[in-house]
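Below is one structure, written out as C-alpha cells; comments come after it.
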Amino acid sequence: MMRSIASCYRLQLHAGFTFADAAETASYLKELGISHVYCSPYLQSAKGSLHGYDVVDPQKVNLEIGGEEGHAHFCAALKNLGMGQVLDIVPNHMATGPDNKYWWDVLENGPSSRFASWFDIDWNSAEVKLQNKILIPVLGDQYGRVLSAGQFAIQFDGQCFQMQYMDHVFPLSPISLSIPLSKASEKINAPTLSFIADTLARLPSPGPDENELRAARHRDKKVLYELLDRFCKENPGGLEAIAKAVAELNQDVDALDAILNLQHYRLAYWRTADQELGYRRFFDVNTLIGVRVERLHVFNATHSRILQWLGNGAIDGVRVDHPDGLRDPEAYFGKLRTSAPNAWILAEKILQASESLRPSWPIDGTTGYDFLNVCNGVLVHTEGLKEITDIYQKFIGEPQDFDTLAHAKKLAVQQEALGSDVNRLAQLFVEICEMNRDRRDYTRAEIRRAIREVAACFAIYRTYVAPDRNQIAAADQSEISSAISIAKIRRTDVDPGLFGFIAEVLSLQSRGEKETEFLLRFQQFTSPVMAKGIEDTVFYCFNRMIGLNEVGGSPGRDGVTLDDFHSYCTRMHAEHPRTMNTLSTHDTKRSDDVRARLAVLTEIPGQWRGALRRWSRMNRQFKTNGFPDNNTEYFLYQTLIGAWPISKERVTAYMEKAAREAKQNTSWTQQNKEFEDALRQFIEQIFDSPSFFTELEAFVAQILLPGRINGLAQTLIKCTAPGIPDTYQGSELWDLRLVDPDNRGPVDYGLRRSMLSELQAGMTVEEILKRMDSGMPKLWLIHKAMRLRRDKPDWFDSNSSYSSLTVEGPRKEHLVAYLRGESVAVIAPRWNARLNGNFASTIVRLPDGRWNHLLTGENFDGGTLRAQQLFRLFPVGLLVRDEE
C-alpha cells in the first residue's frame, strides 16, 4: 500500500555513497521529519558513474552501489522506519559502450540486431557511406592517420574478437570474422574452422521488420560462436593459428581497413559528430543514445523493474527524467499511469514563466523548477534590479539584451553541437518538398537555415502536437504561429513561403508519413536547442544578476510581484497540489542559499556599484593582455559574493567550467589556453591580494544576515506552499555549493545528526540563533515544518486550501503571507537589507483563534498581529491555530 508522501529528501547514489550508506542515513531523515527518500537513478549504469543517468542495463540494479542485495536491505530499512521511496528514472536514453549488451549487439549486427528497434538510429542516411552504419566519433585524428599510425588492433582472447582503439573497444561483425578465421584455417588446414568462417560470411542480413529471419540469424550465429569456442578449446593449434592470423592482420593496414569497412559502425574523427551523427542523443552527448520507448516492447523491457517496484510497494513514485526528449510524452505518461495507477509521477519538465503543465498529462506535477524560479523571483527587488541592469551594461561596455543573446546562442548551438540533428531534419524536409511540386525547388541549404531559425524563435522548450491523435492544443498553435512570424521578420533572405510550409507541417495542416516524422523529430529537437543554447550558454554570458540564471528561469525578467506569487500558488493548489517544490537539485546552477544571498544585491545596487568599481580598479593589475574580460570578471565577483567562503581551488575549477560553457573566450571543444591561463592567474592573484579580500569579506558581512533571512524565508515557503517539499542532500544546513560537480560532494551526516539531536534535546530560540553560522536555524525550521506536514498531512493536501493573508502598513510589500486551510499561517519577510529589521507599523490580519508560533513557542491571538512582534525572536513565522 502506498505511503502518504509528505516530503522527500534527494540522495545521490554512487560507489562512494551506496545503498548501505543510504540505509544508515535513513534514520536521521526520519527524525528530521522526511517521509520519503528520493533516490537518483540506480538501475545499472556505466562503470564509475556519479549520477546514474548513463544506464546500461534497465533490468538490473547497479552493482557499484550494492546490487540486488543492497537494494533489498535498503528497502527493508525504509520499511522498518515507516518511510517510503521515490526513484528517478531515465526513459529517454541509455549509455553506449561495452557494458550495454543491447547497444553492443546493435554494433555487432547492425539493423539485423534483435535490439535495433530499441534505439533511435537512422539506418537510411542520405550519406551513402553511413547507410546501415552507425557513426562512432571517437578518434583523435582523421581515420586514415589513426589507421596508419597503428592505433587500431584486433583483440582475440580465445572466445571473442574485438577492435581496440586506445581505451575503446568495439565488437566485430560476424561477416568480418571470416577474414581472420579463413586465414587461420589456411595455416593448419582445418575444415571445421573453414566451415565456421564460410558460414559466418553467409549469415542473412534481415531488415528491422523481418523478425523470423532475424531470430534465425541470431540462433545460427550463436551456434557458430559456440562451435568456434569448442574448436579452440579442443585444438590448441587452432587457437594458436587464429592468434597468428590476428597478429598478421594487425600489421597489415589494408587488411585492417577492409575489416573495419565490414562493420556496422564507422569509426571517425570526434569532430564529425557535430554534422554527421546518425542517431538521436541526449542533447549533444554522443555517449547517450536515444531510446524508442514509445514502442511497447521497448517500454516493457526498460520499465519492468520499475513497474515491479511500484507494484510491490518498494517505491511509491517516480521522477521522469527529460520527458521532452520523448517522441510523445503524453502517450508515455499514459502508459506509465495505466501501469502504476496510484504512483506519484513527476515530470522533469522545464516550464517557462508564461507556460503551464499540460492538463492532459496524467501526472502529479513537475520536479519544481517552476516553483524555484517563482520563489527566487519574489525575493528580488524590482527597482534595484533595473538599476543593476545599468551597472552591468556600463561595466561590460555594451548593451546586453537577454532575448537577443538567447536567439544568437540558440542559432550558434544548432550550427555547431547540434548540426547533425539539423541535417537529419533538413533531409526529411527535402524529401517532403520533393513530393510537392509547389515546394520542390527549395534548396537543402535554404531549408537548413529555415529550420534553425524557427527552432531559435521558439520561446518554450517544445510543443506537444500528436498526429496520431489529431491533437494540437491552442498553446501549441500559438507558439508555432509566434515562432514562424518572428522567423519571417528575422530572416528576410529566406522565402516566407518556406516558413509557411514548415508551419503547416508543424500544425497538422499538411499531413503525410514524412510530415509526421518531421513534426515529431522537430519537437524532440527544440528542447536541446533551448537547453544547450540557454541553460548551458546564455546563463554564463548574461550576467547582470547570476542568481536569476537558473534552470527554467527568465534572467531578463525584473522579479516576481506578490500578486504573481500568490496567483502561482493558487493555480498550483487547484491544478497540481502534489507537484514538487524544490530550491536546489543536482542540476541547479547554484544552490538555494547562494541565490538567496545574491538577491540582496538588488536591494543595495548603489553599494554594489561602488564595490564593483573599486575591485575592478585594484585588480586591473592582475589581468594579462586584457584577460579576463569584464563580463567574466563581473561573473567572478558575484560568484565570490554568493559562495563566500570558498577555496581558490573550487573557484578556479568552477570558473573554468563557466568560461567554457559561455563559449565567448574559450569552450570545451576549442580551448583558448591564453585566456584560461590568464583567468587562472587572475584568480590566484586576487586571492593573494589582502586589500581585495578585506573589501570582499566586509561586503559579504554586510549582506550575510539579509541573505540568510532570505534563505529561511524561501525554505519556509518551500515547506508550506502547495506541493510536496524536496530537500537536496545536505542543504538542510547553509548550502553554498555551485553547479555540478561542486554540488555532488560528500555530505557530513554525522554533523547533521548531532545537530538535530541537540535540537531535539531542547534548545531555546536564542541558543538556536546563536548558532546561525552553523545553519542551526535552517535545520530547526525544516525539522519543525517537515514534522508538521507529516503529522498533519490533511492541512496541506488537495482538500486544504491556499489564500493570501491581508497585510497592511508601510512595509506591506516586504511580507509574503498566506494561509494553508484554516490551521496554518505562513509569514516570510523579503527585501531584508532595506528593512533592516524595522517593520514600522505593518500588520498581518490573522483569522480568529489562538495561534502558536512553532519556531518560537510564542502564542498570538487572531486579528491584528504586528510584524515587528511576530519577528521579535525568529526571522520567519510558522503559526498553527489551536485546534480547540
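The values are calculated or read from the model by the stated rules, or taken from the named source; none is laboratory data. What you see is a predicted model, and the numbers here were worked out from it, not measured in a lab. All Cβ positions, even for glycine, are placed from backbone atoms using ideal geometry, and neighbour counts span all protein chains on display. Quick note on the areas: whole protein, heavy atoms, side chains included, nothing else; ligands and nucleic acids left out. Shrake-Rupley method; radii C 1.70, N 1.55, O 1.52, S 1.80 Å.
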Working only within the stretch 151-172, note down all residues that are in a loop (DSSP other than H, G, I, E, B) and either modelled with pLDDT under 95 or open to solvent by 70 Å² or more (accessible area, probe 1.4 Å) (or both).
151, 157, 158, 159, 160, 166, 167
Boolean, residue 581 is touching a Cys at 6+ places or on another chain (Cβ under 9 Å), more than 22 Å from residue 366 (Cα to Cα), crowded, with 21+ Cβ neighbours inside 10 Å and not hydroxyl-bearing (Ser, Thr, Tyr)
no
Can you tell me which residue within the stretch 800-826, out of those that are in contact with a His (Cβ under 9 Å, 6 or more places away or on another chain) and of a type in the set (Gly, Ala, Ser), is farthest from residue 840 (Cα to Cα)?
800
Consider only pairs whose beta carbons are under 9 Å apart and that are at least six residues apart or on different chains; among these, list those whose first residue lies in the stretch 604-619 and is in a helix (DSSP H, G or I) and whose second residue is among the hydroxyl-bearing types (Ser, Thr, Tyr) and open to solvent by 50 Å² or more (accessible area, probe 1.4 Å).
618/691
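Okay, residues lined up against (1) among the polar types (S, T, N, Q); (2) under 27 Å from residue 423 (Cα atoms):
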residue: 113; (1), (2): yes, yes
residue: 117; (1), (2): yes, yes
residue: 123; (1), (2): no, yes
residue: 145; (1), (2): no, yes
residue: 156; (1), (2): no, no
residue: 177; (1), (2): no, no
residue: 185; (1), (2): yes, no
residue: 191; (1), (2): no, no
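Table: residues versus (1) among the acidic types (Asp, Glu); (2) under 24 Å from the mean Cα position of the chain (by Cα); (3) surrounded by fewer than 23 Cβ atoms within 10 Å (Cβ to Cβ).
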site: 104; (1), (2), (3): no, no, yes
site: 110; (1), (2), (3): no, no, yes
site: 119; (1), (2), (3): no, yes, yes
site: 122; (1), (2), (3): yes, no, yes
site: 125; (1), (2), (3): no, no, yes
site: 130; (1), (2), (3): no, no, yes
site: 134; (1), (2), (3): no, no, no
What is the one condition in (1) part of a helix (DSSP H, G or I); (2) open to solvent by 20 Å² or more (accessible area, probe 1.4 Å); (3) of a type outside the set (A, V, I, L, M) that residue 633 does not satisfy?
(2)
Just name the residue that is nearest to the chain's Cα centre (by Cα) out of those in the stretch 641-657 that are open to solvent by less than 40 Å² (accessible area, probe 1.4 Å) and free of Cβ contacts under 8 Å to residues at least 60 places away in the same chain.
655
Would you mind listing the strands (runs of 3 or more DSSP E) fully within the stretch 830-884 where at least 2 residues are surrounded by fewer than 19 Cβ atoms within 10 Å (Cβ to Cβ)?
843-853, 859-866
Please specify each residue of the stretch 211-244 satisfying the condition of being surrounded by 13 or more Cβ atoms within 10 Å (Cβ to Cβ) and either of a type in the set (Lys, Arg) or closer than 22 Å to residue 149 by Cβ (or both).
214, 217, 221, 244
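Only one of 490, 462 is touching a His at 6+ places or on another chain (Cβ under 9 Å) and touching a residue at least 60 places away in the same chain (Cβ under 8 Å). Can you tell me which?
490
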Filter result for residue 419 (open to solvent by less than 50 Å² (accessible area, probe 1.4 Å) and not acidic (Asp, Glu))
yes
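Condition first: assigned to a helix (DSSP H, G or I) and either within 27 Å of residue 405 (Cβ to Cβ) or at pLDDT below 95 (or both). Now tell me which residues in the stretch 566-597 satisfy that.
568, 592, 594, 595, 596, 597
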Take residue 46 and tell me if it is touching a helix residue (DSSP H, G or I) at 6+ places or on another chain (Cβ under 9 Å), open to solvent by less than 50 Å² (accessible area, probe 1.4 Å) and either free of Cβ contacts under 8 Å to residues at least 12 places away in the same chain or not basic (Lys, Arg) (or both).
no
Cβ-Cβ distance below 9 Å, separation of 6 or more or different chains: which pairs start in the stretch 267-278 with a residue that is touching a residue at least 24 places away in the same chain (Cβ under 8 Å) and under 21 Å from residue 108 (Cα atoms) and end on one that is assigned to a helix (DSSP H, G or I) and of a type in the set (A, V, I, L, M, F, W, C)?
267/146; 267/260; 269/146; 276/130; 278/130
Verdict on residue 804 being over 32 Å from the mean Cα position of the chain (by Cα) and of a type outside the set (Asp, Glu)
yes
Selection from the stretch 424-438 of residues that are open to solvent by 40 Å² or more (accessible area, probe 1.4 Å) and not in a loop (DSSP other than H, G, I, E, B)
424, 431, 434
Quick one: which residue in 233, 222 is modelled with pLDDT under 95 and more than 21 Å from residue 186 (Cα to Cα)?
222
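To keep it simple, each residue is scored yes or no on (1) open to solvent by 10 Å² or more (accessible area, probe 1.4 Å); (2) in contact with a strand residue (DSSP E or B) (Cβ under 6 Å, 6 or more places away or on another chain).
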position: 620; (1), (2): yes, no
position: 629; (1), (2): yes, no
position: 660; (1), (2): yes, no
position: 665; (1), (2): yes, no
position: 672; (1), (2): yes, no
position: 675; (1), (2): no, yes
position: 683; (1), (2): no, no
All-but-one check, residue 58 against (1) closer than 14 Å to residue 19 by Cβ; (2) of a type outside the set (A, V, I, L, M, F, W, C); (3) open to solvent by less than 20 Å² (accessible area, probe 1.4 Å), failing number (1)
Residue by residue through the stretch 815-829, note down the ones that are open to solvent by less than 20 Å² (accessible area, probe 1.4 Å) and either hydrophobic (A, V, I, L, M, F, W, C) or part of a loop (DSSP other than H, G, I, E, B) (or both).
815, 816, 817, 819, 821, 824, 825, 826, 827, 828
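Take residue 455 and decide whether it is farther than 22 Å from residue 554 by Cβ, in contact with a helix residue (DSSP H, G or I) (Cβ under 8 Å, 6 or more places away or on another chain) and open to solvent by less than 10 Å² (accessible area, probe 1.4 Å).
no
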Regarding residue 409, is this residue of a type in the set (D, E, K, R), part of a loop (DSSP other than H, G, I, E, B) and either open to solvent by 10 Å² or more (accessible area, probe 1.4 Å) or modelled with pLDDT of 95 or more (or both)?
no
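Run down 472, 502 and say which single residue is open to solvent by less than 30 Å² (accessible area, probe 1.4 Å) and either of a type in the set (A, V, I, L, M) or within 18 Å of residue 407 (Cβ to Cβ) (or both).
Of 472, 502, the one residue that is open to solvent by less than 30 Å² (accessible area, probe 1.4 Å) and either of a type in the set (A, V, I, L, M) or within 18 Å of residue 407 (Cβ to Cβ) (or both) is 502.
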